[in-house]
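Trainee: I'd like to ask you about the structure that follows.
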Amino acid sequence: MTPQQLSTRLSSLLTNRIDFSVMIWGPPGIGKSSIVADVAAKAGMDMVDVRLSQLAPTDLRGLPIVGGPTTDKEQTRWCPPDFLPRGGKGVLFLDEFNMAPPAMQGVAQQLILDRRVGSYKLPAGWCVWAAGNRREDRASVFEMPAPLANRFIHLEMQPDLESFKQYALGNGISEGIIGFLGARPALLHKPDPNGPAWPSPRSWEMASRLEAADLTGECAVGKAAWIEYTAYKRLCETLPSIERILHSGGADQPLPPQIDLRFAACTALAMRADSAEQAVNAFIWVRKGLDDEWVAVFTHDLKRSMVAKGLQGAFIKAMNAQPAFRSFIESRTKVMVAA
């Protein structure tokens, strides 16, 4: 499933108070952990992120202590760690689950099956979710025991360009990277067995931050992907005037013939439009030169950008008042009915 579909599924589990343990599978760098954090935050719940692969069994079960205020001096009690929740409601997230050795998974199994480990009991209102990479991702993972696997709801996530664009438009990722990946979607997630740096949603976000600081993103996404991206950036220097299109409609600005430059122009227009009027100017320019499929994708991105800037209401009102937009909607409706 896509990141957006995973987010919807997890939110539904919380809304319906389904507290079965969940195991999220997927390749590295596609945002599994951040989706869990976002879902918990939107539900008004806490999240405790435990990197299971970095713990020893005693780190989760607790340290043995002889005696105590409520036990005999000849007995041993377990002192649970302070990072485990004591109250409230939330998600206990066991990340990198199957990178943990079998002994560690065995301790976690008690927490997943019985909602307790040692003397610790998970409070009501908390659910246990986990995440891990698949064996084919070339990650250093251990086999999950069948009895443990059978206690999970299993959800598998794949990288998805549309989900990445939705995230990128609201989180400051550069328009150059968004436009480039629109033209080269295969480079959104492309592991490289011969190098430590390779393209993924996570590493493209890192590259964007490096680029904003006038540093190379090659060390994040790898040499080959960065060479392609820099060549694309040089090509983008021939784009029509984005500012002229946004402010005056750009009737004198020709549509670039190259596919990748069209992606670049559409992305730049969607991200730089700072008012409903500019959004309308951008739409009219795109509508005049591109077919309906291009216009549909552009309008979707433009709406995302307007929502991120708090301009959704003004944008919808301005667009509905435009004959060009109403004509576009009518043509799309006719195609859907004919199909």
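Trainee: Quick check: from the Cα gyration tensor, does region 239-339 come out rounded (a/c under 1.5), prolate or oblate?
Mentor: oblate
Trainee: Now for a separate question. Which parts of region 142-157 would a label at Phe20 reach, counting a residue when its backbone N lies under 14 Å from a point 7 Å out along Cα-to-Cβ?
Mentor: Answer for region 142-157: 149-156.
Trainee: Grab the chain and count how many Lys pairs have their alpha-carbon atoms under 18 Å apart, sequence gap of 8 or more, or different chains.
Mentor: Lysine pairs meeting the criterion: 12.
Trainee: Beta carbons within 10 angstrom, averaged per residue: use that to sort the peptides 267-276, 179-188, 5-14, highest first.
Mentor: 267-276, 179-188, 5-14
Trainee: Hey, with R₀ at 41 Å, roughly what FRET efficiency would Ser12 and Ile227 work out to, going by the Cβ-Cβ distance, to 0.05?
Mentor: Approximately 0.45, to the nearest 0.05.
Trainee: Run the numbers for Ala321 and Ala56: contour at 0.36 nm per residue of separation, minus the present Cα-Cα distance, in nm.
Mentor: 89.1 nm
Trainee: Mind giving me the FRET efficiency for Gln158 and Leu210? R0 is 22 Å, r the Cβ-Cβ distance, nearest 0.05 is fine.
Mentor: 0.25
Read the figures in this text as sums done on the coordinates, not as results from a lab. It should be emphasised that the depicted structure is a prediction, and the values quoted were computed from it without experimental measurement. Cβ coordinates were reconstructed from backbone atoms using ideal geometry, including for glycine residues, and neighbour counts include every protein chain displayed.
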